[in-house]
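These notes concern the structure reproduced below.
The values are calculated or read from the model by the stated rules, or taken from the named source; none is laboratory data. Just so it is clear, the model here is predicted, and its values are computed rather than measured. Ideal geometry is used to build each Cβ from the backbone, glycine not excepted, and the neighbour counts take in all protein chains shown. Please note that ligands, DNA and RNA were not included when accessible areas were found on the heavy atoms of the full protein model with its side chains. Shrake-Rupley method; radii C 1.70, N 1.55, O 1.52, S 1.80 Å.
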Amino acid sequence: MPEEIESEIKLAMEGPESARAAVAALGATSSRPRHFEDNVLYDDAGRSLLASGRVLRLRRAEGKAIVTAKGPRLDGAEGVKSRPEWEVEVADADAFEKVLHALGYAKVFRYQKYREAWRWRDVEIVVDETPIGTFLEIEGPVATIHAAARALGRRPGDYVAESYVGLFAATGRSGDMVF
């Protein structure tokens, strides 16, 4: 499987309605309707993935299960978060979870969101409604990420490069980020 580099930013928004309106005003086209996602992050007892900046995630959404592995962050351009990423769909999320447990991995964090996706030029813009707020996530080529942010009236100083795990931890809340 070839290495893919994911580049993205988040933008904090006032709410889902204003986020949708902003994306629609760009002329973006809807590519996936609003749907629920349940994400679980795994690590071993020594937290070696976290310590090395890597992520192992099992996502359940729209009747599918997607396993994602992310490598450590790369040096990004002006606030854009970039890192290697690999994804594969698995037929049975519960069975795969048993495989992870057999290999010594356990759930370390769970987060949920409602997501809808839009296309603008060669980026995907998603509206994420989470228990800690609404965010736009813009993913694709770095130059178009910046162009989309500018078209939305945002600058690199507005970019949120933190993960949802980090954003949740910054709220001071504990446990999982669930509705």
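Brief remarks follow.
- Check on ARG150, open to solvent by 50 Å² or more (accessible area, probe 1.4 Å), on the phi < 0 side of the Ramachandran plot, in a loop (DSSP other than H, G, I, E, B) and modelled with pLDDT of 95 or more: no
- In summary, GLU62 fulfils each of the numbered conditions (1) closer than 23 Å to ARG155 by Cα; (2) free of Cβ contacts under 8 Å to residues at least 40 places away in the same chain with the single exception of condition (1).
- The set of residues in the range 23-39 being touching a strand residue (DSSP E or B) at 6+ places or on another chain (Cβ under 9 Å) and open to solvent by 30 Å² or more (accessible area, probe 1.4 Å) consists of ALA24, LEU26, GLY27, THR29, SER30, SER31, ARG32, PRO33, ARG34, PHE36.
- Every condition in (1) of a type in the set (A, V, I, L, M); (2) at pLDDT 95 or above; (3) under 30 Å from PRO141 (Cβ atoms) holds for LEU74 except the one numbered (2).
- Only a single criterion out of (1) within 28 Å of HIS146 (Cα to Cα); (2) touching a residue at least 60 places away in the same chain (Cβ under 8 Å) is not satisfied by LEU41, namely (1).
- Any pair with Cβ under 7 angstrom, 6 or more apart, that starts in the range 161-179 at a residue that is touching a residue at least 12 places away in the same chain (Cβ under 8 Å) and ends at one that is surrounded by 15 or more Cβ atoms within 10 Å (Cβ to Cβ) and in a helix (DSSP H, G or I): MET177/TYR164; MET177/PHE168
- Every residue from the range 133-143 that is surrounded by fewer than 17 Cβ atoms within 10 Å (Cβ to Cβ) and within 21 Å of MET177 (Cβ to Cβ): GLY133
- One residue alone among LEU56, LEU50 is surrounded by 14 or more Cβ atoms within 10 Å (Cβ to Cβ) and in contact with a helix residue (DSSP H, G or I) (Cβ under 8 Å, 6 or more places away or on another chain), and that residue is LEU56.
- The range 66-83 - residue that is open to solvent by 30 Å² or more (accessible area, probe 1.4 Å), touching a residue at least 40 places away in the same chain (Cβ under 8 Å) and in a loop (DSSP other than H, G, I, E, B) and, of those, nearest to ILE5 (Cα to Cα): GLY76
- PHE109 vs. criteria more than 15 Å from the chain's Cα centre (by Cα), closer than 22 Å to ASP176 by Cβ and of a type in the set (A, V, I, L, M, F, W, C): no
- Whichever residue in the range 84-127 is hydroxyl-bearing (Ser, Thr, Tyr) and not in a loop (DSSP other than H, G, I, E, B) and, among such residues, is least open to solvent (accessible area, probe 1.4 Å): TYR111
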